[in-house]
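Chemist: I'd like to ask some things about the structure below.
The values are calculated or read from the model by the stated rules, or taken from the named source; none is laboratory data. All figures in this text were calculated on a predicted structure; none of them were measured in a lab. Here the Cβ positions follow ideal geometry from the backbone for every residue, glycine too, while neighbour counts run over all protein chains shown.
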Amino acid sequence: MPSSKVTLAELIGTVDYQTACIGKWDVSNRRPIVDRMPNAKGFDYYFGGFGTNDEDKIKFHENNEEADETLDMPSLTRMFTNKAIHYL
């Protein structure tokens, strides 16, 4: 996704909504490209990985920082759910 594209998070952020993206962000070529990451695209909070979960391990970012990694793919749904609950 080109950094010039406007996201829903950017639009609703202009009227004081808080936004979070938790899970997979698959629009930055599987890399942490800062101007294409969720925080640059209007999200106040981000936790997740870049790209699909089809590799041996997934690396996570929290906002723009590396956060963690796991080989335990079955744990992702619970982890993302817990992050969302915590954010709310």
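Chemist: Among all residue pairs at least 6 apart or on different chains, which show Cβ distances below 6 Å where the first residue, located in region 30-52, is modelled with pLDDT under 90 and the second is surrounded by 18 or more Cβ atoms within 10 Å (Cβ to Cβ) and in a loop (DSSP other than H, G, I, E, B)?
Modeler: R36/S28; F50/S28
Chemist: On the given criteria, is E66 in a strand (DSSP E or B) and exposed (fewer than 15 other Cβ atoms within 10 Å of the Cβ)?
Modeler: Numbers: in a strand (DSSP E or B): yes; exposed (fewer than 15 other Cβ atoms within 10 Å of the Cβ): yes.
It is true that E66 is in a strand (DSSP E or B) and exposed (fewer than 15 other Cβ atoms within 10 Å of the Cβ).
Chemist: A follow-up question, please. State which residue is modelled with the lowest pLDDT when the search covers only region 1-16 and only residues that are within 16 Å of R36 (Cβ to Cβ) and assigned to a loop (DSSP other than H, G, I, E, B). Please lay out each step first, then the result.
Modeler: Residues of region 1-16 within 16 Å of R36 (Cβ to Cβ): 1-10.
Those left that are additionally assigned to a loop (DSSP other than H, G, I, E, B): 1-7.
Numbers: M1: 69, P2: 73, S3: 73, S4: 83, K5: 85, V6: 90, T7: 90.
Top of the filtered list is M1.
Chemist: Among the residues of region 34-52, is there at least one that is more than 20 Å from T7 (Cα to Cα) and either exposed (fewer than 14 other Cβ atoms within 10 Å of the Cβ) or touching a helix residue (DSSP H, G or I) at 6+ places or on another chain (Cβ under 6 Å) (or both)?
Modeler: First, the residues of region 34-52 that are more than 20 Å from T7 (Cα to Cα): 52.
Add one more test, that the residue is either exposed (fewer than 14 other Cβ atoms within 10 Å of the Cβ) or touching a helix residue (DSSP H, G or I) at 6+ places or on another chain (Cβ under 6 Å) (or both), and what stays is 52.
Yes: region 34-52 contains one or more residues that are more than 20 Å from T7 (Cα to Cα) and either exposed (fewer than 14 other Cβ atoms within 10 Å of the Cβ) or touching a helix residue (DSSP H, G or I) at 6+ places or on another chain (Cβ under 6 Å) (or both).
Chemist: Of the numbered conditions (1) modelled with pLDDT of 90 or more; (2) not in a strand (DSSP E or B), S75 fails exactly one; give the number of that condition.
Modeler: All conditions pass for S75, except number (1).
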